[in-house]
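Presented below is the structure to which this report refers.
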């Protein structure tokens, strides 16, 4: 039986959240959404968490490094796609091997979809 992947999209911009949701649902993923850092942490601590996180680290309500570190402390193996305006990953290097950076641009949605597919494929091969 094929596992249904659940993805949490956390972005402060509702248009970006909506676009990612539509595009990833077309690929067959179950999508949950968060508007701020508090909602991301609520998912991590109070719900059955997701298989993958797409995160704009510039969310209101929490500092970027603090949020990522709390998530990695709680769910160390959580694959995370950082979808941000700048690809400056120097502050976040060493946080986790399961973090992939995708710079937001006009074509980044297609790249995010490819990165997600690669993560899913790699996960399936490791089972």
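Where a number appears in this text, it was derived from the coordinates with a stated rule and is not lab data. All values derive from a computational prediction rather than experimental measurement. Glycine gets a Cβ as well: all are built from the backbone with ideal geometry, and neighbour counts include every protein chain shown.
Quick one: length gained pulling residue 114 to residue 70 fully straight, 0.36 nm per residue minus the C-alpha distance?
13.2 nm is the gain from fully extending residue 114 to residue 70.
Anyone know which of 11, 58, 73 comes out most mobile in the 10 Å Cα GNM of the chain?
Maximum among the listed residues: 73.
I'd like the distance between the alpha-carbon centres of region 16-55 and region 98-127, rounded to an integer number of Å.
Result: 14 Å between the Cα centres.
Ignoring everything except DSSP H segments at least 4 long, calculate the 222 nm mean residue ellipticity for the chain; use -39,500 (n - 2.57) per segment, divide by total residues, nearest 500.
Only helices count here, giving -13000 deg cm²/dmol.
I want to verify a result. In a Gaussian network model of the chain, Cα cutoff 10 Å, which of these has the top mean-square fluctuation: 102, 40, 115?
Of 102, 40, 115, the Gaussian network model singles out 115 as fluctuating most.
Calculate, for residue 45 and residue 126, the FRET efficiency according to 1/(1 + (r/R0)^6) with r their C-beta to C-beta distance and R0 22 Å; round to the nearest 0.05.
About 0.25, to the nearest 0.05.
Arrange 52, 19, 85 by Cβ neighbour counts within 10 Å, fewest through most, would you?
With the fewest neighbours first, 52, 19, 85 line up as 85, 19, 52.
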